[in-house]
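The structure under discussion appears below in the form of structure tokens.
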Amino acid sequence: MQRPSLPVATLAGPPAFVQPLTSWHPSAAGGSSAGIGGSRALGAPSTAPSGSSTAPPAGAAATAVLVTVSGQRRRRRHAGRSMGGHSAALRVLSLGSGGSRDTSRSSKQLARERQADVSRCYLHLLGEKEEALLQAMRERVPAVVSATREQSSAAKEEHLKIWGVDVEAPSVALDMVLLKYLRAEDLDVERAAKRLAETLQFRVDSTLDALVDEELPEHFQGHDTIDGVDADGRPLMISRYGQMDNDKVFGDPDAFVRYRLQVMEKAMAKLRFEPGAPEDLCQVHDYSGVNLLFKSNEVKAGIAAMTKVFSAHYPETKGKTIFVKFPLLFSKLFQAFSVFIPEKTRKKFIILGEADQPLLFDHVPPEVVPEDIGGMLAPMSARGRQLEGRCQTTSVAPRSSVAVDLAQVAAIPATLAWELRVCSHDIPYELSFVPTNGGEEQLISKSEPGEPLLASAGILRGEYHATEAGVLRCRLDNSKSWFQQKLFLSRAEALA
């Protein structure tokens, strides 16, 4: 199987060169040799709204900041000014809704924009001026729906929806969708209505509502996990690129785009569309085993096609993106050039290298992070009796030992299920049951001398039947490590 080779991608928001689509065809993907072509050089002015967001190349929202390292000669700027040189270049594609903007707005619309505050264009934060913009958007929905039905015979036969929200019936959920389009278009009602119409047409032509239930070919399966929420309550989507077969996954742009659309639709279905509830997604991208420096024409073409679709039709869906096991070189490059990225956008991206596992759990609970990227979520086939409780996270400093209490037993008899793992390197451990009456400890499991618990072993699990009150306790010994701090995860709960 060919090792995956993807660009360092997926920051928020659509590239400025993207044109809104009402339908997608492989020929619209742009030249395969150019990848996601037409990229603006670093520091070039953006013509796109700052609120847009889309889905990334392999997991969800498409990219607003595409970071790539290229040994090729930099392209000339708009005015013919040469960037020159053969050194590596960091290209940043700024946010945009696609194409050039129509500046012929009415004076009334301009007045509204001057007075309204985009940061208050959320249903639970609306002021009088923002409510007026929402009402103007509501008034345009019937005409948008009517136009969609006129342009598509398929639209005449179905109730129009976006992400499960009925567009033809006034509701709180519909207001939240309309506000997304308003924010994405910087409160320009006409452009927001136009973009909504294009999305409805695209969804009808692409049969997106039915796509969620389609069974895709095997080579598209097993790369994505849509389960749980992040620390802020956003629906969580995790994509792992290391096992993708490039020839199969990217060989057919049509199939690749539909695969990514299905993943995104499933993730969007997790949103509740209730006032005050999270309105966007958290995406985790695992780059283990991915060659970020070289990418084939097939990969470039597939990502370019997907980016155009997602930038046009998934506004304001980017909440936070976390890059896991990111190569150190690219992480340093991103840090160096992040000063050129708007702070609002920059805060949405977390770059984590091989040694940054503890930081991942500041954003995403370990119980919803897949086992193969250091978490406690086992594959369905290996779960058995799956625990549902929260995990404890324990950092064990070099030259130290600690004891962790997993569970207290008061009512007996009781059967305890337990899970342990170390996230990096290894650590000796000993799991025991300690009676509260001072009785003899019962050894449950331990590592043998010279054979510590390995991170590569994943989750160690088992059960213990307690016949007396006590504590399930795990002792961890990092006393022989001079420099390495170890991160340990554990949990236990009584079985019904």
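The values are calculated or read from the model by the stated rules, or taken from the named source; none is laboratory data. Computed from a prediction, not measured in an experiment: that's the story for all the values here. Please note: Cβ atoms are built from the backbone with ideal geometry, for glycine as well, and neighbour counts cover all protein chains shown.
Data for the structure
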| read-out | value |
| --- | --- |
| Failed item in (1) in contact (Cβ under 8 Å) with a residue 60 or more places away in the chain; (2) over 19 Å from residue 376 (Cα atoms), with residue 448 passing the rest | (1) |
| Of residues in the range 119-129 being surrounded by 13 or more Cβ atoms within 10 Å (Cβ to Cβ) and without any contact (Cβ under 8 Å) to a residue 24 or more places away in the chain, the one farthest from residue 175 (Cα to Cα) | 129 |
| 2 or more residues among the hydrophobic types (A, V, I, L, M, F, W, C): qualifying helices (runs of 4 or more DSSP H) within the range 251-350 | 253-268, 297-313, 328-337 |
| Exclusive hit being within 26 Å of residue 368 (Cα to Cα) and assigned to a loop (DSSP other than H, G, I, E, B), set 424, 481, 445 | 424 |
| Residue check, residue 345 among the β-branched types (Val, Ile, Thr) and modelled with pLDDT under 80 | yes |
| Exclusive hit being in the same structural domain as residue 395 (by TED's automatic domain parsing) and in contact with a helix residue (DSSP H, G or I) (Cβ under 8 Å, 6 or more places away or on another chain), set 489, 431, 472, 416 | 489 |
| Residue list for the range 412-422, filter: more than 39 Å from the chain's Cα centre (by Cα) and touching a residue at least 60 places away in the same chain (Cβ under 8 Å) | 414 |
| The range 247-286, residues that are of a type in the set (D, E, K, R) and within 20 Å of the chain's Cα centre (by Cα) | 258, 260, 265, 266, 270, 272, 279, 280, 286 |
| Filtered residues of the range 226-244 (kept if out of contact with any Gly (no Cβ under 9 Å at 6 or more places or on another chain) and either at positive phi or of a type outside the set (A, V, I, L, M) (or both)) | 227, 228, 233 |
| Matching option when the condition is among the acidic types (Asp, Glu), closer than 16 Å to residue 459 by Cα and under 19 Å from the mean Cα position of the chain (by Cα), among 430, 367 | 367 |
| The range 203-224, residues that are of a type outside the set (Ser, Thr, Tyr) and either in contact with a Pro (Cβ under 9 Å, 6 or more places away or on another chain) or at positive phi (or both) | 222 |
| Number of positions in the range 309-328 that are closer than 28 Å to residue 458 by Cβ and either surrounded by fewer than 17 Cβ atoms within 10 Å (Cβ to Cβ) or of a type outside the set (Ser, Thr, Tyr) (or both) | 8 |
